[in-house]
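J.: Okay, here's the structure, questions in a sec.
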Amino acid sequence: MDISNTVFRRRFALNMYKDMEISLGQMSFSKDFVKDKRGDPYPLSEISDGASEAVANGVYRVKNGHALRYICSTFPYASYEADGDISTGRLGFVLKTEKFTARIIFDKDGVCFSCGDTEEKTQISAVGRVTYSVTCRPGAIDVYSKREGHTEFVHTFLCPELEAISEHRVFSKGGAYLYAENASVFAARSYIDNGISQADMRPIRYENGEVMTENGRIFFTASVRLQAGGYQAIFYWLPGTAEFEMTGVLLYDAGDGKWCGDVAASVLYHREKGCYMLWMCSFSHGHVLGHSVFYGDIRYGVNVADITLMEQGSKSDITAFLGFKGDEDPDFFYDCQRGKWLMAICRIDPDTHAYRYVFFESDEPFEGYGYIGKGLDGAETGGSFVRIDGELCFACGNDFKAVSDYRIYRKSGMINPKFDLPDGGFRGWGSIIPLRIGSRTKYYWLTFDRHNGSGYNWSYGNVYVFEAE
């Protein structure tokens, strides 16, 4: 493929707004757990004097007062959802830990939030049967309503006590409870979802840079963006289709017991060593890079990787293999042809005050790297090593203002690839995915835009898929 003359053609674009979930727990109203004496799946935490409970015909009802029943354990970044009739009562959640107790209670006039010294109420128009969900994140609770399958953002409650929800010693000892007062409940559950937007897509590869495939699917890491902040998720994709599924969530512990929602991972599976290796960006620990070795299947379920932060540099020499504040979007792989590990770091150039890629090589995946080159002036981002027709290339995004301004570096120099329909740019990621399918090699380009899903600056983006043959 002559990459200089190739046009990447738009296949489709998607906005995936809280429509994928990994279940963390749910209540079943198929059996009367209130009367059952040989099991207690949802323990009663409290009940007011004179209140009564009943489960019948798939509905949990509380009359003449309120009751509080356990759903599942608390978890950072989780969502809690209830479907109920609150025309004559109230419905909500209570999150209990040793550090805080947070209450989010809905009635026909709105939603009340309380935690520590924080108390707040916001108005919501609700009549009869409603479905509400709340999403936790460090320092805040985001409230959403669901109507006919459509999710809408309602309000964010900010609370300093909730900063502790990412601490393992806090959330591991906590519980999430359903609060029902003179209400009928049709469903109550907890899950972790794909957020309001996704960004920073990069395929999971083998140690030599080849894209990992399984049963016709590829897996990729992506940043899940919330109303503010986010976390690292893993998705699978059936190439050439619009079929995506979230299969995992990856959080990071830098040794302080906080399970952080950091992002921008470069993940390799080392077949000989039988482990996943990764570099990532720890925004939660000073916007520096970290690395990890992970045994187990990182692609499925909710996992935490213990990371080692990069040794900090004392001066702004961008050619030094040291960590500097602002480092991000790393990528690495083992170049079998040269017998070296190659690594790229997106770093702020002290002369231009803009991001550019800096390249290193080493005999080891996590240390001993020496400088071998850097990218051109610009505002580079989201780069990945990729072989195109056997030639080692490096693709990245560039420029805050230009649509679809991408760069592909090769030995003969840098080119700006062409697209039939622009967008998927404004510093999108250069995630080119070569796949051998039958007698042809297809090159997919998985990227995103920066539409801003909320007022939070990094709440982008929509997902775009391009293809070249």
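J.: Suppose every Lys and Arg Cβ carries +1 and every Asp and Glu Cβ carries -1, with no other charges. What dipole size does region 270-336 come out with about its Cα centre, to the nearest 20 debye? Intermediate values should be presented prior to the final figure.
T.: On the way: 5 positive and 10 negative charges, 30 e Å.
The calculation lands at about 140 debye.
J.: Report Rg (one decimal) and Dmax (nearest whole number) for region 1-149, counting Cα atoms only, units Å.
T.: 20.2, 78
J.: Please name whichever of 333, 116, 300 sits farthest to the positive end of the charge dipole of the chain, dipole taken about the Cα centre and charges placed at Cβ: Lys and Arg +1, Asp and Glu -1.
T.: Farthest towards the positive pole: 300.
J.: Mind pulling the per residue volume of the convex hull built on the Cα atoms of region 265-397? Å³ is fine. List each step's numbers first, then the result.
T.: Details: hull volume 16.4 nm³, N = 133.
Residue-normalised Cα hull volume stands at 123 Å³.
J.: Provide the convex hull volume over Cα atoms per residue for region 106-239, in Å³. Provide the component values of the computation, followed by the final result.
T.: Working: hull volume 22.3 nm³, N = 134.
Looking at region 106-239, the number lands at 166 Å³ per residue.
J.: Please give the length that would be gained between residue 300 and residue 367 if that part of the chain were fully extended, namely 0.36 nm times their separation in residues minus their C-alpha to C-alpha distance (nm, one decimal). Don't jump to the answer; show the numbers that get you there.
T.: Working: separation 67, 0.36 × 67 = 24.12 nm, distance 2.82 nm.
That pair, residue 300 and residue 367, stretches by 21.3 nm at full extension.
J.: Once you place label points 7 Å from the Cα toward the Cβ at residue 51 and residue 118, how far apart are they in nm?
T.: Output for this residue pair reads 2.4 nm.
J.: Return the FRET efficiency for the residue pair residue 158, residue 14: r is the Cβ-Cβ distance, R0 is 35 Å, and the value is rounded to the nearest 0.05.
T.: The calculated FRET efficiency here is 0.70.
J.: Checking the a/c ratio against 1.5 first, then a/b against b/c, what shape does the Cα gyration tensor give for region 169-309? Walk me through the numbers before you get to the answer.
T.: On the way: a/c = 2.05, a/b = 1.38, b/c = 1.48.
Oblate shape, in that a/c is at least 1.5 and b/c is the bigger or equal ratio.
J.: What is the Rg over Rh value, at two decimals, for the chain, using alpha-carbon atoms and the Kirkwood definition of Rh?
T.: Rounded to two decimals, Rg over Rh is 1.02.
J.: Can you bin region 379-424 into rounded, prolate or oblate? Criterion: square roots of the alpha carbon gyration tensor eigenvalues sorted a ≥ b ≥ c, rounded for a/c under 1.5, prolate for a/b above b/c, oblate for the rest.
T.: Working: a/c = 2.17, a/b = 1.65, b/c = 1.31.
Prolate, since a/c reaches 1.5 and a/b exceeds b/c.
J.: Can you give the extra length, in nm with one decimal, that the chain gains between residue 400 and residue 1 once fully stretched, where that is 0.36 nm per residue apart less the Cα-Cα distance? Working shown, then result.
T.: Working: separation 399, 0.36 × 399 = 143.64 nm, distance 2.88 nm.
Full extension from residue 400 to residue 1 adds 140.8 nm.
J.: If all Cα-Cα distances of region 90-145 are sorted into 10 Å bins from 0 onward, what percent lands in each bin, rounded to whole numbers?
T.: 21, 58, 19, 2
J.: Calculate, in nm to one decimal, what residue 169 and residue 125 gain on full extension: separation in residues at 0.36 nm each, minus their alpha carbon distance.
T.: Numbers: separation 44, 0.36 × 44 = 15.84 nm, distance 3.78 nm.
Full-extension gain reported as 12.1 nm.
J.: Next question. Rolling a 1.4 angstrom probe over the protein heavy atoms, how many square angstrom per residue are accessible across region 1-139? Please list the in-between numbers first.
T.: Numbers: 6730 Å² over 139 residues.
Dividing the accessible area of region 1-139 by its residue count gives 48 Å².
J.: For the charge dipole of the chain, defined by +1 on Lys and Arg C-beta atoms and -1 on Asp and Glu C-beta atoms about the Cα centroid, which residue among 157, 468, 102 has the Cα displaced farthest towards the positive pole?
T.: Sorting the options by dipole projection puts first 468.
J.: What FRET efficiency comes out for residue 64 versus residue 147 if R0 is 30 angstrom and r is the Cβ-Cβ distance? Round to the nearest 0.05. Don't skip to the end; give the middle numbers.
T.: Details: r = 29 Å, r/R0 = 0.98.
The calculated FRET efficiency here is 0.55.
J.: What's the FRET efficiency of residue 411 with residue 272 using the Cβ-Cβ distance as r and R₀ = 35 Å, to the nearest 0.05? Intermediate results must be reported in sequence, preceding the final value.
T.: Numbers: r = 28 Å, r/R0 = 0.81.
It comes out at approximately 0.80.
J.: Hey, another quick one. Would you please give the residues with an amide H less than 5 Å from that of residue 454, counting only those at least 5 places away or on a separate chain, with H modeled from the backbone geometry?
T.: Long-range HN contacts for residue 454: 459.
J.: Rounded to whole Hz and in sequence order, give me ³J(HN,Hα) for region 50-63 from the Karplus expression 6.51 cos²θ - 1.76 cosθ + 1.60, θ = phi - 60°, writing x for Gly and Pro.
T.: Using θ = phi - 60°, the values come out as x, 6, 10, 10, 7, 10, 7, 6, x, 10, 9, 10, 10, 10 Hz.
J.: Counting only protein heavy atoms and using a 1.4 Å probe, what share of the accessible area of region 193-330 belongs to carbon plus sulfur, as a whole percent? Intermediate values should be presented prior to the final figure.
T.: Working: 2100 of 4450 Å².
Roughly 47 percent, rounded to a whole number.
J.: Distance between the C-alpha centers of region 251-299 and region 376-398? Whole Å please.
T.: A separation of 22 Å, based on Cα centres.
J.: How high is the relative contact order of the chain? Use alpha-carbon pairs under 8 Å, at least six apart in sequence, and give a whole percent.
T.: 14
The values are calculated or read from the model by the stated rules, or taken from the named source; none is laboratory data. Worth saying up front: this structure is predicted, and the values here are computed from it rather than measured. Cβ sites come from the backbone with ideal geometry, for glycine too, and all protein chains shown count toward neighbours. Please note that ligands, DNA and RNA were not included when accessible areas were found on the heavy atoms of the full protein model with its side chains. Shrake-Rupley method; radii C 1.70, N 1.55, O 1.52, S 1.80 Å.
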